[in-house]
Amino acid sequence: MSDSSEALATHELRHHFENMEQQRGASSMGMWVFLVTEIMFFGGMFMAYLAYRYEYFVAWQEGSQHMNFWIGTVNTAVLICSSLTMVLAVLAIQQGRRRLTSVMLAVTICFAMAFMVLKGMEYHEHWLAHEFPGSAFHFAGIDPRHVEMFFVLYFVMTGFHALHVLIGIGLVSTMLYMNERGHFSADYHNPIENTGLYWHFVDLIWIYLYPLLYLIGHHHVS
Amino acid sequence: MEKVISAKLYFTVWAALMCLTAATAALSYVNMGALSPVVALVIATVKGSLVVLFFMHAKYIDVKTTVLVIVAGFFWLTILLLMTMTDYITRAWS
């Protein structure tokens, strides 16, 4: 540890913690407690999806035929790549490589924006096809009422996920700004670590949304 | 101490996640009937576990209470999904 980083570490240690290690552990645990509330938040929606899929299986099969398989798949890959660059940003700051950290954070933001653009194109497609729930909703096949319900859950789940991606872009941008201002070092980088946890959580939600919405029953109606 | 993991491991996890995504996308073309959602969700769970364990560093957490928080979170999620579904599935049994 160099003299300057030691000084920074001492400066960044809040008075109610014994040492940097204890502060880091507490910070990480606090973030996980928040993420557990996020699991519960999305959990309710997954529960609704499951119960409706069980009750209206045919409508669910019908609805999933109208998902854009390729955009969904490419977006899954985009998010996985963004998770890699995010974790590399955390690794870079752990090693005190500020420049590399900024680059990795910037690449993460680019991937996140690519995800949002693709998601927007997909929403636009659904909108034009009258698949947005409401008075303009139109579905020619069987059980249109419950196919509409499928689309309600599709838009609510992916919509809240997209909101989290937007918040993620805001957080990662803030980390990039703070890193450029020299706030972080190998000894103190809890905010970057926690932003990473948030970002990977957003990826985790998508990892489940992808098969549930795009894959199950997409290519075949049983 | 904070565990610093090598970039090599992160790239390996990334490669595994990409391969599993390709696999689950390809398998969605195969009609396995009732097994299709099971296979898709098992792959998703493997991918999710990789993300939580390595990218989110859950495997390397040194504070036991944090591990308890994570396990409790997923445990309560299981209660939510499992208990509610046992209700829905058994309603028609009477």
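If a spin label sat at a point 7 angstrom from the Cα of A:V33 along the line to its beta carbon, the backbone N atoms of the stretch B:46-72 nearer than 17 Å would be those of B:63-72.
Stokes-Einstein diffusion for the stretch B:1-61 at 4 °C, viscosity 1.567 mPa s, with a Kirkwood radius from C-alpha pairs, works out to 101 µm²/s. Put in line by how crowded their Cβ is, counting other Cβ atoms within 10 Å and starting with the fewest, A:V172, A:V117 read A:V117, A:V172. Taking 0.36 nm per residue of separation and subtracting the Cα-Cα distance, full extension of the segment from A:R145 to A:F160 would add 3.1 nm.
Computed from the C-beta positions of B:V42 and B:T12 and an R0 of 30 Å, the FRET efficiency is 0.90 to the nearest 0.05.
Among A:138-144, A:42-48, A:208-214, A:99-105, how do they line up by average Cβ neighbours within 10 Å per residue, starting with the highest? Each step should come with its number before you reach the end.
Numbers: A:138-144: 13.1, A:42-48: 16.6, A:208-214: 22.6, A:99-105: 19.9.
So the order, starting with the most tightly packed, is A:208-214, A:99-105, A:42-48, A:138-144.
With a 10 Å cut-off around each Cβ of A:83-96, the average count of Cβ atoms from other chains is 4.
Ranking A:H200, A:F155, A:G170 by how far each Cα lies toward the positive end of the dipole of chain A (charges on Cβ) leaves A:G170 at the top. Taken over the C-alpha atoms, the stretch A:42-214 has Rg and Dmax values of 18.8, 60 angstrom.
When you restrict to C-alpha pairs under 8 Å that are six or more residues apart and normalise by the size of chain A, the relative contact order lands at 34 percent.
A short reminder: the numbers here are calculations on the coordinates, not readings from a lab. No experiment lies behind these values; they were computed from the predicted model shown. As a convention, Cβ positions derive from the backbone with ideal geometry for all residues, glycine included, and neighbour counts pool all protein chains shown.
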